[in-house]
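One structure is given below, encoded as structure tokens.
No value in this document is a laboratory result; all are computed from the given coordinates. Because the structure is predicted, anything quoted here is derived from the model rather than measured. Cβ atoms come from the backbone with ideal geometry, glycine included; neighbour counts cover every protein chain shown.
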Amino acid sequence: MMDLALAGVAETLAYEFAHLQSAAVVRVLADCVDEFPCGGPYFVEEAARARLSCLQEQQTRSQRVSERCSLDVSLHDDDLADEVDLMVGLIVAANASDHALAQDEIDEILGVAAHSPGAGRFLTTRVA
């Protein structure tokens, strides 16, 4: 009779905690049965429900941390990091200036030198 009652408890908890893996629900229920061998089905169900609620809260917190980590957009590309540094330097210089920056000032900030072989203007990176 107890096995049938526990099967009903397992079904109820699996439905109530459907977002958890069913194996986790069964494992928690089995642990509660082992820990409280003299407890009735209602007592075991409440003990398992309390533990599953804690497991659910831990899983929710873990998901939130994971979501925050996925929002971490730190740079891992050296070329991109260099470009961002150049842009930041340009923005800082533009904000500090009381006039529009001239092309030669921009070139200097970005570290490029203008050459004009032939008719065109070419930008080359200045090598330090």
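If each of residue 79 and residue 24 carries a label point 7 Å out from its Cα toward its Cβ, how far apart are those two points in nm?
4.2
Quick one: which of 94-101, 34-41 comes out on top by average Cβ neighbours within 10 Å, and what's the full order, highest first?
34-41, 94-101
Express in nm, to one decimal, how much length is gained between residue 97 and residue 38 on full extension, taking 0.36 nm for each residue of separation and deducting their alpha carbon distance. Write down the numbers at each step before the final one.
Numbers: separation 59, 0.36 × 59 = 21.24 nm, distance 8.04 nm.
Gain in length upon complete extension: 13.2 nm.
Could you give the length gained on full extension between residue 62 and residue 7, defined as 0.36 nm per residue of separation minus the Cα-Cα distance, in nm?
Extending this stretch completely gives an extra 16.8 nm.
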